[in-house]
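Participant: Pasting a structure here, questions to come.
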Amino acid sequence: VALIQVDWRKHPRAIAGESHDAVEEAIFNAATERNVLVSRGSWFKADKTAEEDGMFFRATFAAAPADKITEAIKRFGEALRAEFRL
């Protein structure tokens, strides 16, 4: 399992005033559009009412061969670059 931390406050949507949830949704959708399935960190929160400070995505590679892991990481990076307009 890998936890990937994202500074969501630098996302264009956050800068425009959108919520943590909106930014998390946008990044998740950008990843799935590139055939990468990561879990949103918010799915694992014990207290769903607490405000989010950090943003994490969880990736599990237990059943994937090394070449697929490399490709998935590359695609997730592409999703992040696109979302953050880098």
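No value in this document is a laboratory result; all are computed from the given coordinates. It should be emphasised that the depicted structure is a prediction, and the values quoted were computed from it without experimental measurement.
Participant: To the nearest 10 degrees, how steeply does helix 66-83 sit against the main Cα axis of the chain, on a 0 to 90 scale?
Facilitator: It works out to around 30 degrees.
Participant: Relative to the present Cα-Cα distance, how much length would full extension add between Ser39 and Lys74 at 0.36 nm per residue of separation?
Facilitator: Computed gain between Ser39 and Lys74 is 10.9 nm.
Participant: Round to the nearest 10 and give me the degree value, 0 to 90, for the angle of helix 20-33's Cα axis relative to the longest principal axis of the chain.
Facilitator: On a 0 to 90 degree scale, this one is about 20.
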